[in-house]
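Structure first, commentary second.
Quick note: the coordinates plus some simple rules give every number you see, no bench work behind them. Small disclaimer: the values here were computed from a predicted structure and weren't measured. So basically every Cβ, Gly included, is an ideal-geometry build from the backbone, and we count neighbours across all protein chains shown.
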Amino acid sequence: MIDMETFQNILVTKTPILNSGTPDEKRKEILEYFQASWELDDRLYDSLKTDDVFYMRADPLRHPLIFYIGHTATFYVNKLLLAGLISERINPKFESIFAVGVDEMSWDDLNEAHYDWPSVQSVRDYRRQVKTMLEELINNLPLAMPISWNEPFWVILMGIEHQRIHIETSSVLIRQLPIDKVKENSLFQICDESGSAPENELVKVESGIVKLGKERSDALYGWDNEFGNLKSDIKGFSSSKFLVSNQEYKTFVEADGYKTQKWWTEEGWNWVQYKACDHPVFWVKNGKAWKLRCMLEEIDMPWNWPVEVNYLEAKAFCNWKSVQTGKKLRMPTEGEYYLLRNSLDIPDQPYWKKAPGNINLEHYASSCPVDKFEFNGVYDVIGNVWQWTEMPISALDGFEIHPFYDDFSTPTFDARHNLIKGGSWISTGNLAIKDSRYAFRRHFFQHAGFRYIESEEELVIKDDYYESDDLVSQYCEFQYGPSYFEVENYSLACLKRIEKHLKNTNKGAALDLGCATGRTSFELARHFDKVTGLDFSARFIRIGTQLKESGKLSYSRIEEGQLDTFQEIKLADFGLDVYADKVEFFQGDACNLKPFFTGYDLLIAGNLIDRLYDPIKFLQDVHHRMNKGGLLVLTSPYTWLEEFTDIENWVGGYRKDGEPFSTLDGLKEQLSEHFELLEEPTDVPFVIRETARKYQHTIAQMSIWRKK
């Protein structure tokens with residue numbers, strides 16, 4: 001049994017300051033931070049009544065909670081492997097099925113028939129193994145001060161802060177479970193203060209300059225989207241003194257706000273129709289009275305607590321309130337939020353003695369009255385609930401992707417994820433610092449509410465996705481752009497060479513491994529009933545997803561230096577729009593695929609094997625993924641490099657027993673038991689454009705195999 005003092009130590013921790021203290025002091029601090037994070041994660045799930053609850057879908061667009069207790073542990077293993085800090089997996093099956101979470105995007109698999117979830121006990125046993133490994137690493141890894149994002153300990157902190165994120169998001173899922181499936185948890189005590197809400201009013205905020213972003217030398221851990229810079233001259237506005245309370249929002253509900261289309265954006269009205277809702281999700285009707293669902297209990301409605309809604313609901317309220325008051329009301333932008341916050345001189349999380357707001361689990365395990373935490377005349381500038389903004393998240397100038405987590409931020413740079421600011425009562429670690437930049441789909445539920453502002457500043461929110469990631473843009477151009485130097489489009493060239501063998505092949509399902517931005521996947525859909533595109537990087541997957549959903553994509557093409565041009569591609573231009581419904585995209589690891597990626601009549605791995613960390617394992621496993629008589633198509637320039645593949649895992653390209661051993665020799669050695677080579681391999685050239693005057697001209701070799 002854990003005593004209350006230990007409870008408090010678990011709850012009240014702060015993200016480490018990475019540029020002060022000795023290595024020994026910092027090692028001890030990080031170990032304690034890791035252990036507190038892990039314990040808090042474990043104790044959160046003590047709130048479930050039985051193990052059966054782990055397999056319930058609290059939200060139909062999210063995985064059951066069994067996924068999340070496995071996911072936080074698996075994340076450590078996968079990132080440590082990628083960073084080369086460990087060399088072996090603990091449980092390859094778990095590290096596959098628990099690898100990729102759900103952002104409610106169409107590439108995420110939500111068909112539970114695809115999953116054979118393990119027992120809760122087996123996952124807890126796995127977690128203990130991972131925890132032991134992490135404690136040993138923290139005690140023994142080299143540590144030099146200050147800790148920067150190139151250091152081994154940055155990867156450890158990445159795992160801890162990732163775990164902190166899921167503590168909060170899992171608490172939201174637990175809050176959506178049926179009330180009879182959860183139980184009291186002494187670690188999470190809610191606020192017992194409630195009453196009538198104060199009348200909201202507007203407070204003037206003066207114009208000023210806002211600087212966003214931090215340097216790599218910053219004292220605190222940060223996700224990639226926090227680094228860079230953006231300087232903006234923000235015009236003054238008037239901000240609501242309080243967050244919108246349940247009581248203030250009730251007037252919108254009682255005015256049939258959820259039944260009146262004119263208040264809603266098109267996206268918002270579609271969501272209302274889909275959900276068939278007429279009040280916030282955490283409100284519970286009890287006869288003529290209202291109750292509020294907290295994480296673990298239902299209480300009489302605290303009308304003076306902040307309302308918790310998604311962005312779509314908040315926007316509809318602002319539209320309605322504008323008409324009622326005759327004022328131009330909306331939510332703030334990111335810059336406007338910081339203009340307000342900066343004017344109040346609020347300390348950052350690691351540096352405060354006691355949290356100045358309802359944040360970091362230092363006060364309550366719930367919201368509290370909107371007039372409890374004052375910041376020089378404005379309340380809840382940080383804490384209580386997250387605050388929606390009008391702004392989709394985008395990269396700051398100078399943004400760089402962290403090499404060990406290339407898909408933390410970039411999948412959200414799609415004009416569909418709006419920033420939330422300020423943190424909630426359960427926001428801890430990086431979530432609670434000033435520079436944090438988190439964004440969610442506009443229909444997403446978090447412990448989030450909003451404040452409104454009055455401003456004459458007209459907002460122009462670009463809703464079309466514009467790809468500016470240099471590498472991804474290169475591949476958009478490579479797969480969908482014009483041909484160069486009379487070299488045929490690579491996907492079309494590959495399909496031409498395969499086509500004659502398709503006559504004797506069943507055309508049920510195809511898998512495009514290493515699909516990048518999806519051109520080959522769409523081309524295969526001309527021939528197959530169902531095509532799956534799979535890539536390790538969500539940076540690529542989101543392009544195929546965007547094309548599938550909207551049929552078009554815009555991207556920047558570098559011409560020279562900082563000069564670029566705007567390009568737009570449409571599936572219809574290639575005659576591929578009619579096949580889009582047959583294609584689906586997933587993120588995954590070709591060397592550790594989930595079990596349900598199987599039953600394929602064609603599997604193509606385009607320019608992939610020489611970039612895998614364990615290509616031999618992939619080749620030895622691939623026959624399990626394919627139907628008898630299916631085609632295996634491999635293309636590669638055989639550019640073996642130790643930065644991608646340890647030399648002992650190369651398929652070829654070295655001397656064996658003193659003689660040259662080519663990759664083709666290696667392919668024959670690995671595949672001949674289960675496949676026959678249909679013809680002599682052929683060359684397939686391709687050109688990747690980097691700038692207007694720089695191109696990569698490469699020749700891949702294609703081999704086509706049929707499963708025996």
Can you pull out the trypsin sites (Lys or Arg not before Pro) in region 191-253 whose DSSP state is coil and whose Cβ has at most 15 other Cβ atoms within 10 Å?
R216, K235
Grab the Cα-Cα distance for D657 and E206, subtract it from 0.36 nm times how many residues apart they are, and report the gain in nm with one decimal.
154.7 nm
Please give, to one decimal in nm, the separation of the simple spin-label points placed at L563 and K93, each 7 Å out from Cα toward the Cβ.
5.8
Cβ-Cβ FRET estimate between E669 and S483, R0 fixed at 25 Å, reported to 0.05:
0.10
Compute the separation of the alpha-carbon centres of region 332-362 and region 248-262 and state it in Å as a whole number.
31
Whole-number D in µm² s⁻¹ for region 233-463, Kirkwood Cα-pair radius fed into Stokes-Einstein, 25 °C, 0.890 mPa s
134
Taking 7 Å along the Cα-to-C-beta vector as the label spot, tell me the Q273-R526 distance in nanometres, rounded to one decimal.
3.5
Semi-axes of region 467-707's equivalent ellipsoid from the Cα gyration tensor, sqrt of 5 times each eigenvalue, largest first, rounded to whole Å?
28, 22, 16
Sequence ranges 305-318, 190-203, ranked by mean other-Cβ count within 10 angstrom, highest first
305-318, 190-203
List the residues whose amide H sits under 5 Å from the amide H of V203, counting only those 5 or more places along or on another chain, with H placed 1.01 Å from N in the peptide plane.
S239, S240, K241
If I model a spin label at D345 and T598 as a point 7 Å from the Cα along the Cα→Cβ vector, what separation in nanometres do I get?
6.5
Compute all pairwise cysteine Cβ distances in the chain, then list the cysteines with no distance under 4.7 Å to another cysteine.
C277, C294, C318, C476, C494, C515, C591
Whole Å is fine, so just give me how far the alpha carbon centre of region 481-555 lies from that of region 585-635.
15
Trypsin sites (Lys or Arg not before Pro), restricted to region 27-87: which are DSSP loop and have at most 14 other Cβ atoms within 10 Å?
K49
GluC sites (Glu not before Pro) in region 617-685 lying in a DSSP loop, each with at most 15 other Cβ atoms within 10 Å of its Cβ, come to E642, E643, E673, E679
Cβ-placed point charges (K, R +1; D, E -1), dipole of the chain about Cα centre in debye, nearest 20
1240
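Regarding the chain, what is the average projected area of its C-alpha convex hull, in nm²?
On the way: hull surface 130.0 nm².
With every direction weighted equally, the projected area is 32.5 nm².
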Hey, which of these cross-link pairs are over 24 Å Cα-Cα: K231/K315; K211/K421; K26/K211; K507/K628; K507/K552?
K231/K315; K26/K211; K507/K552
Please give the peptides 357-365, 14-22 ranked by average Cβ packing (other Cβ atoms within 10 Å per residue), highest first, as a rough proxy for protection.
357-365, 14-22
